[in-house]
Amino acid sequence: MDLNKLYFYTASILDHRKLLLGDDYKEIIIESLRHLVQKKKIKVYAFVIMPNHIHFIWELLESNGKEMPHASFMKYTAHQFQKKLRIENLDYLEVFRVNNISRDYQFWQRNALPIILFSKNVMMQKLNYIHNNPLQKHWNLAENPEDYYYSTAAYYKNGLENFDFISHIGNWF
């Protein structure tokens, strides 16, 4: 991904396991996003945290030391997941064990998908997709997009600022 471009970004938990079902794991995602925004490494315009994947609309502003912000996000969240599972659920931690020289555990699938948002129409389509994701029949996490807490739907529909690090996308295009 390039800096200063708008992306729709999807990342999935390894083997689509529902690690993010618990709010504690969703809060790890929120904490990492907030930190990177505060350090002015990213801008987050929209997100949804689903039980086994995430979708963002974001902009990478500046590298985080030697790595890109999305790499810092993935590394930090994986480390926090491992730390939490080591304390709370060693058996579940073991399902994330990998035979890899660089790591013992892997939480994120390697095929994260960034899609550049090149027009307002494409951006709006992805924004609506993000906010309607919890309503899909196989998830059925809410009746209305704005009812699902771990999403920016309530911010865009009702102006609720549940998350203090969101930038409004309205002026992008």
Between the stretch 136-161 and the stretch 1-54, what is the C-alpha centre distance in whole Å? 16 Å
In terms of the alpha carbon gyration tensor, root eigenvalues a ≥ b ≥ c, rounded if a/c is under 1.5 and otherwise prolate when a/b exceeds b/c or oblate, the chain is oblate
Cβ-based charge dipole, the stretch 83-173, positive-most Cα from V95, N128, A154: V95
I42's amide H: which non-local residues (gap 5+, or another chain) put their own amide H closer than 5 Å, with H modeled 1.01 Å from N in plane and none for Pro or chain starts? V37, L61
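Treating the beta-carbon of each Lys and Arg as +1 and of each Asp and Glu as -1, no other charges, what is the dipole magnitude of the stretch 1-158 about its Cα centre, to the nearest 20 debye?
Numbers: 21 positive and 16 negative charges, 95 e Å.
Charge dipole, the stretch 1-158, about its Cα centre: 460 debye, nearest 20.
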In a Gaussian network model over the chain where Cα atoms closer than 10 Å are linked, find which of D24, D91, D147 has the largest mean-square fluctuation. D91
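I want the local charge near F163. Using Cβ-Cβ distances under 15 Å, sum +1 for each Lys or Arg and -1 for each Asp or Glu among the other residues.
On the way: positive: K26, R34, K43, K157; negative: D23, E27, E31, E146, E161, D164.
With Lys, Arg at +1 and Asp, Glu at -1, the neighbours total -2.
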Are there GluC sites (Glu not before Pro) in the stretch 83-148 that DSSP marks as loop and that have at most 14 other Cβ atoms within 10 Å, and which are they? E143
Sites matching trypsin sites (Lys or Arg not before Pro) across the stretch 1-83 that sit in DSSP coil, with at most 13 neighbouring C-beta atoms within 10 Å: K5, K18, K39, K40, K66
Whether the stretch 94-173 is rounded, prolate or oblate, judged on the alpha carbon gyration tensor where a/c under 1.5 counts as rounded: prolate
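Would you calculate a helix-derived [θ] at 222 nm for the chain, using -39,500 (n - 2.57) for each DSSP H run of n ≥ 4 and dividing by the full residue count, to the nearest 500? Mind showing how you got there, number by number?
Working: 5 runs with 60 residues, N = 173.
Helix-only estimate at 222 nm: -11000 deg cm²/dmol.
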Taking amide hydrogens as modeled 1.01 Å from N in the peptide plane, which residues meet the under 5 Å criterion relative to L6, leaving out close sequence neighbours? L117
Ranked by GNM mean-square fluctuation in the chain (Cα springs under 10 Å), the top entry among N111, N64, N99 is N99
GNM result for the chain, Cα springs below 10 Å: residue of Q80, Q109, Q136 fluctuating most strongly: Q136
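Relative contact order for the chain using alpha-carbon pairs under 8 Å, separation at least 6, rounded to a whole percent? Can you show the working numbers first?
On the way: 256 pairs, mean separation 50.4, N = 173.
Reported relative contact order: 29 percent.
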Let me know the shape class of the stretch 4-103, please: from the alpha-carbon gyration tensor, a ≥ b ≥ c as square roots of the eigenvalues, rounded when a/c is under 1.5, otherwise prolate if a/b is greater than b/c, or oblate. prolate
Return the distance in nm (one decimal) between the two label points of a simple spin-label model at N132 and V98, each offset 7 Å from Cα along Cα→Cβ. 3.3 nm
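Every number here is computed from the coordinates shown, using simple stated rules; none is lab data. What you are looking at is a predicted structure, and each value in this text was computed from that prediction instead of being measured. All Cβ positions, even for glycine, are placed from backbone atoms using ideal geometry, and neighbour counts span all protein chains on display.
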